[in-house]
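Here the structure is laid out as C-alpha cells; the discussion comes afterwards.
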Amino acid sequence: TKLNSLEPFYKSELALSAAILARDSGSTEQESLVSEATTLTSQVLKQSPKNINWWRSASNVYWELSDIDEKFLEEALKAAKEAVKLAPNDPKVRYNLGVILVQDGFLKEAIETLEETIKLKDERDYRYLLAKTYFMDGNKKKATEHIKTLLEANSDDSEAKELSSPNKFLPPIL
C-alpha cells in the first residue's frame with residue numbers, strides 16, 4: 001500500500017517535525033521551517049476543522065514555535081482552547097491548555113483549567129502543575145494543600161518536596 005502524503009496525519013506530523021527542527025536549528029533554514037510548519041498546520045485545520053487530533057497537534061506545533069517567537073504562544077493558546085471545546089472531558093487536552101496558560105502568564109485561568117482537569121482525572125503531573133501555579137499566583141495555602149496530597153500519594157516525590165522546601169516560602173509538609 002502506498003502512503004498518501006496529502007493525508008492530514010502526515011501533514012500534521014511533518015508540521016510538528018518542522019517546528020521542532022526550526023526551534024532547534026537556529027540556522028538560515030529556520031524561517032523556511034517555520035513557514036512549512038505553519039502552512040501545513042493551517043492546511044490540516046482547514047481540511048478537518050472539527051478533528052480534535054489536529055487541534056491538539058496545532059497546539060503542539062505553535063508551542064514549539066513559541067521558543068522562536070512569542071507570538072506563537074497566542075496561536076498555541078487559541079488551538080488549545082479549540083481542542084477543549086471539541087473534547088471538554090479530555091483531561092490531557094485541558095492539562096495542555098493549562099500548561100500554555102501558565103507559560104503565557106494567565107495564572108487565574110490556568111488554575112481554573114487545572115482544577116477542572118483534576119476533577120476529570122487526578123494525575124500527579126496535573127496536580128503538581130496546579131500546586132506550582134497556585135504558588136506562582138501567591139496562594140501558598142492552596143499550593144500546600146496540593147503538595148500535601150502529592151506527598152501522601154508518594155512521599156518520595158522529589159519535585160513536590162522541592163516545592164515544599166523552606167526556600168520556596170511554603171510551610172513545611174510533614
Mind checking which pairs have a first residue in the stretch 96-124 that is free of Cβ contacts under 8 Å to residues at least 12 places away in the same chain and a second that is not in a loop (DSSP other than H, G, I, E, B), Cβ under 6 Å, 6 or more apart or different chains? Glu109/Leu101
Checked pairs for the stretch 41-53, first under 18 Å from Asn96 (Cα atoms), second in a loop (DSSP other than H, G, I, E, B), C-beta under 6 Å and 6 or more apart or across chains, list as Ile52/Ala87
All but one of (1) open to solvent by less than 80 Å² (accessible area, probe 1.4 Å); (2) out of contact with any Asp or Glu (no Cβ under 6 Å at 6 or more places or on another chain); (3) not in a loop (DSSP other than H, G, I, E, B) hold for Gly138; state the number of the condition that does not hold. (3)
Of (1) part of a loop (DSSP other than H, G, I, E, B); (2) surrounded by 14 or more Cβ atoms within 10 Å (Cβ to Cβ); (3) of a type outside the set (S, T, N, Q), Trp55 fails just (1)
Of everything in the stretch 98-135 that's modelled with pLDDT of 95 or more, assigned to a helix (DSSP H, G or I) and aromatic (Phe, Trp, Tyr), which residue is farthest from the chain's Cα centre (by Cα)? Tyr134
Find the residue count for the stretch 97-119, including only residues that are open to solvent by less than 20 Å² (accessible area, probe 1.4 Å), closer than 16 Å to Ala83 by Cα and not hydroxyl-bearing (Ser, Thr, Tyr). 6
Counting only residues that are under 16 Å from Leu130 (Cα atoms) and not in a helix (DSSP H, G or I), the stretch 148-163 contains a total of 1
For the stretch 25-52, which residues satisfy the criterion of being open to solvent by 60 Å² or more (accessible area, probe 1.4 Å), farther than 16 Å from Leu14 by Cβ and in a helix (DSSP H, G or I)? Glu31
Where Asn89 falls short, out of the listed (1) at pLDDT 95 or above; (2) open to solvent by 50 Å² or more (accessible area, probe 1.4 Å); (3) in a helix (DSSP H, G or I): (3)
Could you identify the single residue in Asp67, Asp157 that is closer than 26 Å to Phe9 by Cβ and over 13 Å from the mean Cα position of the chain (by Cα)? Asp67
Quick check on the stretch 34-49. Is at least one of its residues over 29 Å from Pro91 (Cβ atoms) and at pLDDT below 90? no
Please give the number of the condition Ala153 fails out of (1) surrounded by fewer than 16 Cβ atoms within 10 Å (Cβ to Cβ); (2) closer than 23 Å to Lys81 by Cβ. (2)
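The values are calculated or read from the model by the stated rules, or taken from the named source; none is laboratory data. Remember, predicted model here, so these are calculated numbers, not experimental data. Neighbour counts are summed over all protein chains in view; Cβ atoms, including those assigned to glycine, are modelled from backbone coordinates with ideal geometry. What goes into the accessible areas is simple: the full protein's heavy atoms, side chains included, and nothing from ligands, DNA or RNA. Shrake-Rupley method; radii C 1.70, N 1.55, O 1.52, S 1.80 Å.
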